[in-house]
Amino acid sequence: MAKKLFIETLGCAMNVRDSEHMIAELNREEPYHLTKDAKEADLILINTCSVREKPVNKLFSEIGQFLKHKKEGAKIGICGCTASHLGEEIFKRAPEVNFVLGARNVSKIREAVAKEKFLDVNINYDESAYAFSEFRQNPYKAYINISIGCDKKCAFCIVPHTRGEEISVPHELILAEAERAAKSGAKEIFLLGQNVNNYGRRLSGGKRDEFNFSRLLTEISKIDEVKRVRFTSPHPLHMDDEFFEVFASNPKICKSMHMPLQSGSTAILKAMRRGYTKEWFLDRAKKLRAMCPQTSISTDIIVAFPGESDRDFADTMEVMEEVRFEQIYSFKYSARPLTSAANFTDKIDPEIAAQRLFALQTRHAAILDEMTPEYLGAVKEVYFEELRDGGVVAGRTSQNNTVCAKGGEELLGEIKSVKITQPQRLILYGQVI
Ligand code: SF4
C-alpha cells in the first residue's frame with residue numbers, strides 16, 4: 001500500500017525544488033502518494049522559510065495543529081531554512097516532532113524518516129553533486145538548482161546562515177537534468193540559485209567550473225526541446241556587459257530580469273553590505289534597458305533598514321521612478337537572528353516603517369497603472385501552464401506577465417500568440433490568435 005505524504009512548502013522557488021527532491025528521494029524506496037489532507041497522511045513535512053520573523057512564529061502554531069489532527073503513527077518532519085537555524089530548539093518547543101532536516105541536508109530525507117528521532121542541520125554538508133532522482137510538480141516548467149548556498153554576507157539576510165557557503169553544481173549535471181526535463185515535456189527551464197550570475201566560481205572541492213553563467217545559459221538554450229530559459233536570482237554586482245549581451249541576443253532567454261535593489265541609498269547599501277552603489281545600480285539598469293528594450297525588470301526593496309533617513313528613503317523612491325520596475329517585492333525590514341544587522345541599534349519607528357512601505361507601494365501601483373494601457377492590442381507569446389475556472393487558461397509572457405485567455409487543456413504546454421484585449425495591473429486578458 002502506498003504511503004500518503006502531506007508536504008507544505010513555504011518561501012522561495014529553491015524550497016519548491018528542495019520539496020520535489022525530497023518527494024523523489026522518498027519514492028526511491030517505497031511509493032508515497034501526495035495528499036492535500038494532512039489528517040490522512042503517514043508523513044507530514046513542513047519545508048520552512050526564515051527570511052522574515054512572521055513565518056517562523058507561525059510555524060509552531062501550525063505544528064500544534066498538525067499534531068492535534070494527525071493520524072495514529074504518522075510522522076512529522078520540519079525541513080528548510082528555519083530547521084537549519086533553530087535545529088534542536090524545534091524538539092524543545094515541539095517534542096512530538098520526529099525529525100529536523102536542514103535546507104542543506106535534503107538528500108538525507110530517507111534516513112530521517114527511517115529513524116524515530118533525527119536531527120541534521122549541518123550547513124557545511126555538500127550535496128551540490130548529489131544526483132537526486134526525478135520528480136516535478138509542474139510538467140511544463142522545470143526548476144533546476146545550479147548552486148547551493150551564498151557567499152555574500154548581506155547584513156539583513158539569514159540565508160548564508162541556513163544554506164551555507166556557495167557551491168556551484170557541475171555543469172554536466174545541470175545540462176543532463178535540463179535535457180531530461182525538456183525531453184519529458186518541460187519547454188521552460190528555470191535556473192535557481194542565490195546568485196545565479198556568479199555561477200561556476202567554485203565547485204565542490206574548490207575548483208572553478210569551466211562554464212560561467214553566460215556559457216551555461218547558451219548551452220542550455222542549444223537543447224532543441226527547450227523553448228524558454230528563465231533564472232532567479234541574479235546579483236547586480238555580477239551584471240556585466242557579457243551577461244547582458246547573452247541575455248539580450250539569445251531568443252530563448254526570457255526577457256525578464258530580477259535586479260534586487262534592496263535600497264536606493266548608497267549609504268544604506270553600504271550598511272547592508274550589498275557591494276554596489278545607487279549609481280552602479282542605475283547604470284546597470286539603464287544599460288540593460290538600452291541593450292534589451294523589451295525586457296521587464298523586477299526588484300526587491302527593504303524599507304526602514306536601521307539608520308534609514310528620510311533622505312535615504314527618498315533615494316529609494318528616486319531609483320524606483322528612474323527604473324520604473326515592472327514588479328516590486330517590497331517589505332519592512334525584519335531583524336533576523338545570526339545576521340550582523342540584528343545588532344544595529346538605530347532601528348526605525350514601526351509607524352514610520354509602515355508609512356514608507358505604504359508610500360512606496362502606492363506610488364508603484366500608480367506607475368503600473370501608467371504602464372498597463374500600453375499592453376492594449378499588443379500580441380504576446382504566452383506559454384500556457386495552468387487551467388483556471390470558467391474555461392480559462394493562464395500562462396506567462398517572456399516578460400513574466402500573467403496572461404489569461406479562453407481555452408482548455410489543449411493549450412496546456414503550448415506557446416501561443418495572444419492579442420491583449422483587456423490589460424489589468426496584475427493580469428493581461430486576451431485572445432489566442
Ligand atoms: S545575496 Fe545577500 S540577500 Fe541574497 S541570499 Fe545572499 S546574503 Fe541573502
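The values are calculated or read from the model by the stated rules, or taken from the named source; none is laboratory data. Note that this is a predicted model, so its numbers are computed, not measured. Reconstructed Cβ throughout: ideal geometry from the backbone, glycine too, with neighbour counts over all protein chains shown. These area figures cover heavy atoms from the full protein model, side chains too; ligands, DNA and RNA do not enter into them. Shrake-Rupley method; radii C 1.70, N 1.55, O 1.52, S 1.80 Å.
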Of the residues in the stretch 136-189 that are over 22 Å from Pro236 (Cα atoms) and without any contact (Cβ under 8 Å) to a residue 40 or more places away in the chain, the one that is nearest to the ligand (Cβ to nearest atom) is Glu177
Sole miss for Val97 among (1) more than 21 Å from Gly193 (Cα to Cα); (2) β-branched (Val, Ile, Thr); (3) in contact (Cβ under 8 Å) with a residue 40 or more places away in the chain is condition (3)
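Of all residues being of a type in the set (S, T, N, Q) and modelled with pLDDT of 95 or more in the stretch 319-342, which is farthest from His85 (Cα to Cα)? Just the residue, please. If you could, list the steps in order and put the result at the bottom.
Of the residues in the stretch 319-342, the ones of a type in the set (S, T, N, Q) are 327, 330, 334, 339-340.
Still in the list and also modelled with pLDDT of 95 or more: 327, 330, 339-340.
On the way: Gln327: 30, Ser330: 24, Thr339: 11, Ser340: 15 Å.
Within the stretch 319-342, the match that is farthest from His85 (Cα to Cα) is Gln327.
Can you pull out the helices (runs of 4 or more DSSP H) entirely within the stretch 27-128 that have at least 3 residues that are surrounded by fewer than 18 Cβ atoms within 10 Å (Cβ to Cβ)? Write out each step before concluding.
Working: elements: 53-69, 81-86, 89-93, 109-114.
Fully inside the stretch 27-128 and qualifying: 53-69, 89-93, 109-114.
Collect the residues in the stretch 236-256 that are open to solvent by 10 Å² or more (accessible area, probe 1.4 Å) and either within 12 Å of the ligand (Cβ to nearest atom) or touching a Gly at 6+ places or on another chain (Cβ under 6 Å) (or both), keeping them in residue-number order.
Restricting attention to the stretch 236-256, the residues satisfying the condition of being open to solvent by 10 Å² or more (accessible area, probe 1.4 Å) are 237-238, 240-242, 245-246, 248-252, 255-256.
Result: Leu237, His238.
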Quick count over the stretch 393-413, residues being open to solvent by less than 30 Å² (accessible area, probe 1.4 Å), free of Cβ contacts under 8 Å to residues at least 40 places away in the same chain and outside any helix (DSSP H, G or I), is 10
Taking the stretch 257-310 and the residues there that are crowded, with 22+ Cβ neighbours inside 10 Å and of a type in the set (Gly, Ala, Ser), the one that is nearest to Met371 (Cα to Cα) would be Ala285
Of the residues in the stretch 1-26 that are surrounded by fewer than 19 Cβ atoms within 10 Å (Cβ to Cβ) and either among the hydroxyl-bearing types (Ser, Thr, Tyr) or in a loop (DSSP other than H, G, I, E, B) (or both), the one that is nearest to the chain's Cα centre (by Cα) is Cys12
Per the filter on the stretch 141-168, residues farther than 17 Å from Cys12 by Cβ and either of a type outside the set (A, V, I, L, M, F, W, C) or touching a strand residue (DSSP E or B) at 6+ places or on another chain (Cβ under 9 Å) (or both) are Asp151, Lys153, Glu165, Ile167, Ser168
